[in-house]
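My structure is below; once you've seen it, I'll send some questions.
The values are calculated or read from the model by the stated rules, or taken from the named source; none is laboratory data. This structure is a prediction, so every number in the text was calculated from the model and none was measured. Every residue, glycine among them, receives a Cβ derived from its backbone with ideal geometry; neighbour counts consider all protein chains shown.
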Amino acid sequence: MTKYFNLNLKLLLTNPNLIFWAIKFVTKYTKLSPSRFLAENFASCFIALLFVSAVLFISLVGLSCYKSGILVLPENALGLVVISLLSAIFLYAFSAFLSLLLVVLRAPKSASFLSFIPLIMSFLAYGSLWTDFKILAYVSPFNCIMALCYHFFSGRQPVTGAFLMSNGENLMSVSLSAVSLVAWTLTLLVLVVVLLRKMKGVGIEEIRLV
């Protein structure tokens, strides 16, 4: 195959208009319901994610051992795997929600702004290295992800913020962090199903224009 084939295939596969047309036809003109579409779309993406994650993890551990001769493993591997899977589900739901919201609202001009929302929230979570968010640390799902990963990898109790300067006086509850992340994930998944149903009222030509 020529380079044109690769570039054209990449362009087609990353075209949101084409992808959302697939959603429109599948959920309206077949027996595949929005909930079933979401389940199958998520399952296929999740399997691919697991494969890529496994390759990255094995490569990272292998290179660390080869370069430094030190094997660094998490204190609670099972807990870290579980929270990683939950985090992946949340990120999928969050991404799907923003993408479908753009289509349902017919707001193509908002695409740039919506694409920055995950970056903004991630940056705020990164800010917890220096800033203590106190009770607000439980509100941000990105903060909860970071705190839970820290806990299961190091075996230590996370704090509500100021990781680099804290003396451990404001400890963050692992249970509440997990509950917050699960609540965010379930809420977003429900909203995604609602938006998928709303897409039935959006004309195909309008979706193409968006």
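Scan the range 112-126 residue by residue and report those that are at pLDDT 80 or above and among the small types (Gly, Ala, Ser).
SER122, ALA125
Residues that are modelled with pLDDT of 80 or more: list the helices (runs of 4 or more DSSP H) wholly contained in the range 1-89 that include at least 1 such residues. Please lay out each step first, then the result.
Values: elements: 3-13, 16-29, 34-68.
It comes to 34-68.
Separate question: Which ones in the range 155-188 are at pLDDT 90 or above and buried (at least 17 other Cβ atoms within 10 Å of the Cβ)?
VAL174, SER177, ALA178, SER180, LEU181, TRP184, THR185, LEU188
Hey, among VAL72, VAL61, VAL81, which residue is within 20 Å of the chain's Cα centre (by Cα) and of a type in the set (Val, Ile, Thr)?
Going through VAL72, VAL61, VAL81 in turn, just one is within 20 Å of the chain's Cα centre (by Cα) and of a type in the set (Val, Ile, Thr): VAL81.
Of the residues VAL52, VAL81, VAL72, which is without any contact (Cβ under 8 Å) to a residue 24 or more places away in the chain and surrounded by 13 or more Cβ atoms within 10 Å (Cβ to Cβ)?
Within the list VAL52, VAL81, VAL72, the selection yields VAL81.
Follow-up. Take the residues of the range 129-158 that are part of a helix (DSSP H, G or I) and of a type in the set (Phe, Trp, Tyr): which is farthest from VAL182 (Cα to Cα)? So that I can check it myself, show each step before the final result.
Just the residues of the range 129-158 that are part of a helix (DSSP H, G or I), to begin with: 129, 134-138, 141-154.
Of the ones still in play, those that are also of a type in the set (Phe, Trp, Tyr) are 138, 142, 150, 152-153.
Numbers: TYR138: 12, PHE142: 12, TYR150: 17, PHE152: 17, PHE153: 20 Å.
Ranking the qualifying residues of the range 129-158, first place goes to PHE153.
Further question: What pairs can you find where one residue is in the range 159-176 and part of a helix (DSSP H, G or I), the other is at pLDDT 75 or above and hydroxyl-bearing (Ser, Thr, Tyr), and their Cβ atoms are less than 6 Å apart, with a gap of 6+ or different chains?
LEU176/TYR138
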